[in-house]
Structure formats: structure tokens, C-alpha cells
Amino acid sequence: AQSVTQPDIHITVSEGASLELRCNYSYGATPYLFWYVQSPGQGLQLLLKYFSGDTLVQGIKGFEAEFKRSQSSFNLRKPSVHWSDAAEYFCAVGTIQGAQKLVFGQGTRLTINP
Amino acid sequence: DAGVIQSPRHEVTEMGQEVTLRCKPISGHDYLFWYRQTMMRGLELLIYFNNNVPIDDSGMPEDRFSAKMPNASFSTLKIQPSEPRDSAVYFCASSSTLSVNEQFFGPGTRLTVL
């Protein structure tokens, strides 16, 4: 069965600094990969997704992620964070055999220092 | 599109009472998911439906939990009797076969059982 690991429970960065959130997945075939963001008191919102093709995908709010098959990773990046990026970020994996199910990582909480 | 709608947004009840959470998925979506989110256990999939039929309820914690989807535009999650350990945020999400695993989340219902 597929699984997702987000090694960092909590990350703090300064406003304007670059950001990278790590995500590793376990699955035998090519997965469908997602990053969601959850602001306090809100539901999860899709940031970006990878199905196939170009391994560098662009998302909303200036985020991007790169699929690296050799490392089973799908790390999320942003060149310069804003205070409004403070939130919880979830990586998720789905498969064509999984009938629309997603397996979520435990999440990474991002704090922004002014 | 109004997105996934959940009601109520907040529910406070006493132990032993019945609780019913409601969800209206995005029109045209054929999958509906119920999740529970707690600090200790993260985001857990409880049950999901395809074309109003329950497909996998292995995440439902106990017989006290039940879910129904009487039609394509409405689903309920019921807890009877409720217990303090059921306190959590419950999310409903929907997706379409055409969007390949991409799930759209509602704002959630924060349940507090006293």
C-alpha cells in the first residue's frame, strides 16, 4: 500500500526567505502527487498536483514542486515566503487503482517570522 | 460553484447525545469522502462513497459512527452516542472521476463533545 512521509513536523522561516518542504512517498508505480494547504480554521486547498510529464509543476500562490522518481520525493518550494503562507501543508498520494482515494502525510506546520 | 458545503460549522454537545453532520458535495462529483482531523492522529479517512454507494468504511472507528448518502447531493455522518474522544474537526470532500484523485474539501465541522 502507498504511504507518505513528511519528515518535518514544524518549520520556521523568516519572511522573504526561501522555503522547501519535504515529502517522500512509497508506491511501486507512478503515483499521482498533491500538495494541499490548510490555513487555520479552514479546509484543505489544493496548491498543485503532478500526474505525468514535466517533473517540475507550478501551483498557486507562487509554489512549485519537483517530482524525483529516483528519490521517491515530491518537495514543495517557494523562493520567497510571505507572512500569509503560515499554515499547515499536506502532501498526498493517489493511484489509479486507489479509486480516487488519497493517502495524506502527517503535515508540516509552517511558521513565518517577521 | 459554491464548493463543498458542510453544516453545522461548529457543534457542541454533551456525551451520549446524537450528532449529525451534513455535507453537500460539488454538483457533478461522483465521489464523496468523510475525514476526521485531530492533533494526535492527523487526517484520517473514515468512509467514502462512489455514486452514493459506500465503497470503503474501514476507517469508521466504531459502530457508533454511521454514514449515509441518500442522493448525489447530500450525505450525513452520524455519531450515536457521542463521546468526548469524538471531539475533532470533520471534513467532507468530493471528487470527480474526470479529475483523477483531486479532492475538494469543505470548511469542516468542529465537534466538541463535553
List every residue whose amide H lies under 5 Å from the amide H of B:Gln17, counting only residues 5 or more places away in sequence or on a different chain, with H placed 1.01 Å from N in the peptide plane. B:Ser82
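Using a 1.4 Å probe on the protein chains only, how many percent of the accessible area of segment A:3-113 belongs to carbon and sulfur?
49
Give me the percent of DSSP beta bridges within segment A:3-113 that run antiparallel, rounded to the nearest 5.
85
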Using θ = phi - 60° and the Karplus relation 6.51 cos²θ - 1.76 cosθ + 1.60, list the HN-Hα couplings for segment A:29-46 in order, rounded to whole Hz, with x at every Gly or Pro. 10, 6, x, 9, 10, 9, 10, 10, 10, 10, 7, x, x, 10, x, 7, 10, 5
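Return an integer: the convex hull volume of the alpha-carbon atoms of the protein assembly as shown, in Å³ per residue.
124
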For the pair A and B, the solvent-accessible area buried on both sides (1.4 Å probe; DNA, RNA and ligands excluded), in Å² to the nearest hundred, is 1700
Once ligands and nucleic acids are excluded and a 1.4 Å probe is used, how much of A:Phe51 is accessible, expressed in Å² to the nearest 10? 60
Ranked from the most accessible area to the least, with a 1.4 Å probe and all protein chains present, what is the order of A:His10, B:His10? B:His10, A:His10
Peptide-level mean, for B:16-25, of C-beta atoms on other protein chains within 10 Å: 0
Which whole-number value in Å³ per residue fits the convex hull of the alpha carbons of chain A? 97
Just to be sure I understand: of the beta bridges DSSP finds with both ends in the protein assembly as shown, what percent are antiparallel, rounded to 5? 90
With every protein chain kept in place and ligands, DNA and RNA left out, what is the accessible area per residue of the protein assembly as shown? Probe 1.4 Å, answer in Å². 48
Note on chain B, DSSP bridge orientation, antiparallel percent to nearest 5 equals 90
Quick check on chain B: what does the Kirkwood estimate of hydrodynamic radius come out to from the alpha carbon pairs, in Å? 14.0
Long pairs among A:Lys61/B:Lys24; A:Lys68/A:Lys101; A:Lys49/B:Lys68, criterion Cα-Cα beyond 24 Å: A:Lys61/B:Lys24; A:Lys49/B:Lys68
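The values are calculated or read from the model by the stated rules, or taken from the named source; none is laboratory data. Worth saying up front: this structure is predicted, and the values here are computed from it rather than measured. Don't worry about glycine lacking a Cβ; one is built from the backbone with ideal geometry, like all the others, and counts go over all protein chains shown. Remember, those area values only see protein heavy atoms, side chains included, never the ligands or the DNA or RNA. Shrake-Rupley method; radii C 1.70, N 1.55, O 1.52, S 1.80 Å.
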